[in-house]
């Protein structure tokens, strides 16, 4: 089996640092006293809590249900009592708290009733909903709900790619998983194939993982369908989905589209493993393999229950003095953790403990000299030096014209920059500014519409009032001219007559008002009313648009 | 600090240091062929550049140390010094260097912001303002009866011994000057080339200097400090333009090899047109930039008012960079393969 490999443009070769953590055996899961399980662990809508404080929950029990199509459920990782449903610090760079369910574990680790699914007998849509309710989401980093990706919809997905690239330095959880659980990964692949109807299945693994490649090849031979296990060159970010697709097939995902538009779907090996556990054992996604490495005594891979505080894992790996922080993920795209109490989530592939020696502070940035090393390294084939210039000058429109949103934030440009400019930072800034401005613009458009409508309404009311008064005055004038005695000698008879007339008018008016003031009207008054009605209709029409937009706003 | 948390081992200082290293073969050949006077010029230009850089950094409120140690000022100084006549008076060297660093670099915003190559701005100012002094080239040692020692060169440069007689004894027209003067005297190229200043391809000795700059340039390319597009397109522009003219009238236009093996061309192609700050950035843009500079060099040499045109050619192309870059934006990953409107 030899496949013609293709090369994508750009990429870098940072030191791998894989052997530190991939040579020790996998450490079994530990059971912490307290699990903090965030409701937002995946892309899409966060899960909605389905338990109350004080409830006893079992291992694998649903505690947060999927909210909508693009969402995934969240489960208790062990048995115990729900002690809090509140905002807790989560592993996010912002350090902002998010909704979490806290479980005081009881040490019994008692499972719910669970067992294998007869997935081949299930309707595909039922199977997908089941997977969504078992919390399956992509474990490669983006944590996109897998049920959505396993729905081919209108597309045919002839090619299924299983990504074992793992190009980020230091991280070895996929490598170790492939070495130890190749068969389960293949079981998961079989389920994916069943759901997508793919005919060509390729596993791409970087060539710096020979043991994993061998294990996966062996597992592939035991299947009743063909799976091609391909060693791909080790280059960062070769494990990115778009880069893996290009390496294996020579195709590029069109800008602004999805790989399914060209008939390809990509899943991480960890996701395939989680899928196999769900389908063949009925286990929802409540644990994952986490690489704990960097400035620790025994870098290794640990099975971690979702919700385990990260310090518990770092203690197993042996914490050392002189740590300068923890990253979730690798050194190229990892996220600094706000503290060591944050929990392991579905996205936690690696905990990288930093030290001054391993990760010295970055040198002072100098001005850009336009050397275009960044452009040579950019796998999205952008012109990072131009994007930097525009981002720095707040020229966001130009940045978008130069395809800012095609940037995958892989960090290659910053890595090679001889001026040590934190380029990716500028792109993140520009992106968030553009998003914020779009949001502001929508909000201000809405406010402007409301304001304009209010002005319109006030004007209209003023005009109506004036017209009413004018009509009244006119009617009065007409009456006076029609009755010459009114302006003549003010004798008692005339006065009486005037009072009588006024009374009669008042009576007539009352009679008019009581039934409906639109009946028995003088033609000119009716005309005025019709005009008013027409304006009202117009206002309603005008008001319709902003009101609808208002409702659509989340 | 956000990701990435690691860096490749590269720096502006390292890039500039390699450029200086790559100039060393050229400097060595320069000394060998024209005598040690160039060392005086280089030192004076370097000292002036560093002083001007430090003063400007201070005046602009920038930290002096990180910017002074980026070595970019020394690169500018060396490139200007190597472009100047080898016996240029000291004040010419100082004026040119000051103009390059103060005006062309810092008044445009400092490192990374200058539109024009500072060394070429310095050179252009000098040749426009002091055309006579800009011809004080020492003849090749091989053609000089008593070549100047280091001390003698210094005394000429610093004006202690710059009488007309002394200068006349050691200076000589450069091959490009000789060609230009000869053509003005209605001589044919073949007749002019019989002059002793001419060697195999270019000027006697000058061709060796050109070869040394070529060697240094290839080193920069091998180290991926420069890309191949600009030098190749530049040389192609020279060769094609000169070849075209020579093909039609070999009597009135110099041979393409002669034009190619002028030291200014090799220095320009590999060290000056490749200046990233003032050059084009896209792959296609670099080709256009280099080719345009080569073409303009021959046009200026042939029909312009100066014997050499590399400096003006590069400055003119520097001007066109924003346009070239905007029109040659490459296709990005996943973008449909078709011609694209330039971003407005």
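Using a Gaussian network model on chain B with a 10 Å cutoff between Cα atoms, which of B:65, B:105, B:286 fluctuates the most? Taking springs between Cα atoms under 10 Å, the residue moving most is B:65.
Estimated at 0.36 nm per residue, the fully extended path between residue B:320 and residue B:218 surpasses their Cα-Cα distance by 34.1 nm.
Relative to the current alpha-carbon distance between residue A:98 and residue A:429, full extension at 0.36 nm per residue lengthens the span by 116.9 nm.
Ordered by the count of other Cβ atoms within 10 Å of each Cβ, fewest first, B:246, A:13, A:75 give A:13, B:246, A:75.
The helix-based estimate of mean residue ellipticity at 222 nm for the protein assembly as shown, built from -39,500 (n - 2.57) per DSSP H run of four or more residues and divided by its residue count, is -15000 deg cm²/dmol to the nearest 500.
Simple spin-label estimate for residue A:123 and residue B:47 gives 9.1 nm between the two label positions (7 Å along the Cα-to-Cβ direction from each Cα). Once the C-beta distance of residue B:32 and residue A:69 is scaled by a Förster radius of 60 Å, the resulting FRET efficiency is 0.20 to the nearest 0.05. Antiparallel DSSP bridges in segment A:181-310: what percent, to the nearest 5? Counting DSSP beta bridges with both partners in segment A:181-310, the antiparallel share is about 55 percent. As a proxy for reagent exposure, B:240, B:23 were ordered by neighbouring Cβ count within 10 angstrom, fewest first; the result is B:240, B:23. Taking the alpha-carbon centroid of each part, what is the distance from segment A:408-469 to segment A:108-151 in angstrom? First find each Cα centre; the distance between them is then 39 Å.
If we count other beta carbons within 10 Å of each Cβ, what is the order of A:469, B:80, A:31, fewest first?
A:469, A:31, B:80
Subtracting the Cα-Cα distance of residue A:464 and residue A:445 from 0.36 nm times their residue separation leaves 4.0 nm of extension gain.
Calculated FRET efficiency, residue B:68 to residue A:224, Cβ-Cβ distance, R0 = 56 Å: about 0.20 to the nearest 0.05.
Once you put a point 7 Å from the Cα of residue A:109 and another 7 Å from the Cα of residue B:21, both along the Cβ direction, what distance in nm separates them? With each label point 7 Å from Cα toward Cβ, the separation is 5.7 nm. Using a 10 angstrom cutoff on alpha carbons, build the Gaussian network for chain B and name the most mobile of B:179, B:98, B:319. Comparing B:179, B:98, B:319 in the GNM, the peak value goes to B:319.
If you run the Gaussian network model on chain B, springs between alpha carbon atoms under 10 Å, then out of B:85, B:66, B:263 the most flexible one is B:66. Cα axis of helix A:492-513 to longest principal axis of chain A: angle in degrees, 0 to 90, nearest 10? Compared with the principal axis, the helix lies near 30 degrees. The percentage of C-alpha pairs in segment A:57-212 whose separation is greater than 28 Å is 34%.
If you wrap segment A:364-479 in the convex hull of its Cα atoms and look at it from every side, the mean projected area works out to 10.3 nm². At what distance in angstrom do the alpha carbon centres of segment A:157-200 and segment B:17-71 lie from each other? Each part reduced to its Cα centre gives a spacing of 57 Å.
Would you kindly calculate the mean projected area, averaged across all directions, of the convex hull enclosing the Cα atoms of segment B:230-344, in square nanometres?
Average projection, Cα convex hull of segment B:230-344: 8.3 nm².
For residue A:481 and residue A:527, a Förster radius of 22 Å and the Cβ-Cβ distance give a FRET efficiency of 0.55, rounded to the nearest 0.05. Working from Cα pairs under 8 Å separated by at least six residues, relative contact order for chain A is 15 percent. Counting only DSSP beta bridges whose two residues both lie in the protein assembly as shown, roughly 65 percent are antiparallel. Average projection, convex hull of the Cα set of chain A: 39.3 square nanometres. Compute the Cα gyration tensor for segment B:131-286, then decide on rounded, prolate or oblate, letting a ≥ b ≥ c be the square roots of its eigenvalues: rounded whenever a/c is under 1.5, prolate when a/b is larger than b/c in the other cases, and oblate in all that remain. Taking the square roots of the gyration eigenvalues as a ≥ b ≥ c, segment B:131-286 is oblate.
Where a number appears in this text, it was derived from the coordinates with a stated rule and is not lab data. Quick caveat, the model's predicted, so the values are computed rather than measured. Because the Cβ atoms are built from the backbone with ideal geometry, glycine has one as well, and the counts that use them run over all protein chains shown.
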